[in-house]
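Working notes, beginning with the structure itself.
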Amino acid sequence: MKRYMLLPEDSIELLRAQDEAEAAVCVFCERTMILLPCSKIEAASMQQHVTEDRLHPVDCLELLARDALFEVQQAVLIPVTRQDYPAFLQALKAQCPALLENIRTKTYQKETCDQTGSHLHSRS
């Protein structure tokens, strides 16, 4: 699974459903775009004390879904301290109310390397 925490210079927006296209969360980071169709968002949770790419812990909304472009499971962490967070959350609630109804709060567990190289070997 890929995990990405938005940086201050990244942008996030909710693309509204239009014609045959469904609503989707769109993240622009440098030269990369992460596109998460709302129907493919599997879970949302509030992660507490996230330290990924930060000096100080911050709470984040985590969206877990399969990326529409690469079909890879993706976790996008959106810091609640971002200026655009309240507007994004309001738009997400309006577009996908069921997604945020039973949101869980979890303490963030940073992924660690086990130093065995297990990720280099295919498992049979």
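The values are calculated or read from the model by the stated rules, or taken from the named source; none is laboratory data. None of these values were measured; they are calculated from a predicted model. Counting neighbours? That spans all protein chains shown, and the Cβs are built from the backbone with ideal geometry, glycine included. The accessibility values were calculated without ligands, DNA or RNA, using every heavy atom of the protein model including side chains. Shrake-Rupley method; radii C 1.70, N 1.55, O 1.52, S 1.80 Å.
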Check: Of everything in the range 34-47 that's of a type outside the set (S, T, Y) and modelled with pLDDT of 90 or more, which residue is farthest from A24 (Cα to Cα)?
Finding: Q47
Notebook entry, point to check: Just checking, how many residues over the range 65-81 are open to solvent by less than 40 Å² (accessible area, probe 1.4 Å) and out of contact with any helix residue (DSSP H, G or I) (no Cβ under 9 Å at 6 or more places or on another chain)?
Noted result: 4
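Hey, does the range 82-92 have a residue that's open to solvent by 90 Å² or more (accessible area, probe 1.4 Å), in contact with a helix residue (DSSP H, G or I) (Cβ under 9 Å, 6 or more places away or on another chain) and farther than 17 Å from D10 by Cα? Step through it out loud before you land on a result.
Restricting attention to the range 82-92, the residues satisfying the condition of being open to solvent by 90 Å² or more (accessible area, probe 1.4 Å) are 83, 90.
Going one step further and asking which of them are in contact with a helix residue (DSSP H, G or I) (Cβ under 9 Å, 6 or more places away or on another chain), we end up with none.
Among the residues of the range 82-92, not one is open to solvent by 90 Å² or more (accessible area, probe 1.4 Å), in contact with a helix residue (DSSP H, G or I) (Cβ under 9 Å, 6 or more places away or on another chain) and farther than 17 Å from D10 by Cα, which makes the answer no.
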Checklist line | Enumerated strands (runs of 3 or more DSSP E) restricted to the range 1-111, each holding at least 1 residues that are touching a Lys or Arg at 6+ places or on another chain (Cβ under 7 Å) | finding: 41-50, 58-66, 73-79
